[in-house]
Amino acid sequence: MGHSHLHTLERAEPQDARTSASRRRANLLLALILLPITVATFIGMIALWPSGDRSHVTVADPYATAPGVRFDVGTVQRVATEACPSSQVAVDAGAEAQDCMVAYTQPDTGGAQVPVEVTPEIAMSRGVEAGDTIRYLNLSQVLPEQAGTFVFVDFVRSAPIALLAVLYAAVVVAVARWRG
């Protein structure tokens, strides 16, 4: 047989002196720790604040390069695994040429196809295929006597990024329903 009794809500009793004193000590200890840290932070911020002439500092294009070097965009026409164009210097010195993925790319600015060396990371993972639009580093003005002056940098992803942005906005609107 079970037992039954009524449970009543107990009223919270007023804080006793020990609890109150304990809270005051905790608050004092917290203040003694945090106030010096806060003051030290502000002193450090003032002491380390940048000063001087900053007129020479510019926020440049993320694809800014050294003088004579530029980023170009082109469409890959064909891809081959062959001796890396940049290994010609090593071959001239008596070494063996390294093989790499070379994407023969038609520059968007016109002109002849250029052999763009694809980095090993990209070649082993996704690779580059005919029809891909890529961004590559053009070193031909800096190293005119050396072959292999075009190096893969990235895929041009304008349309996929725009599509992702639209999908993200649609999901936010669908979930938030313009509430925040």
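The values are calculated or read from the model by the stated rules, or taken from the named source; none is laboratory data. These numbers were taken from a predicted model, which means no experiment stands behind them. Note that each Cβ is placed from the backbone with ideal geometry, even for glycine, and that neighbours are counted across all protein chains shown. Note: accessible area is taken over every heavy atom of the protein model, side chains too, but ligands, DNA and RNA are not part of it. Shrake-Rupley method; radii C 1.70, N 1.55, O 1.52, S 1.80 Å.
Assorted remarks:
- Each of 18, 177 has its accessible area taken with a 1.4 Å probe; listed largest first, they run 18, 177.
- One quarter of the convex hull surface built on the alpha carbon atoms of region 95-180 amounts to 9.2 nm², the projected area averaged over directions.
- Each principal axis of the Cα cloud of region 19-149 was evaluated for its coordinate range; sorted largest first, these ranges are 82, 41, 35 Å.
- Peptides 25-37, 72-84 ordered by average Cβ neighbours within 10 Å, highest first: 72-84, 25-37
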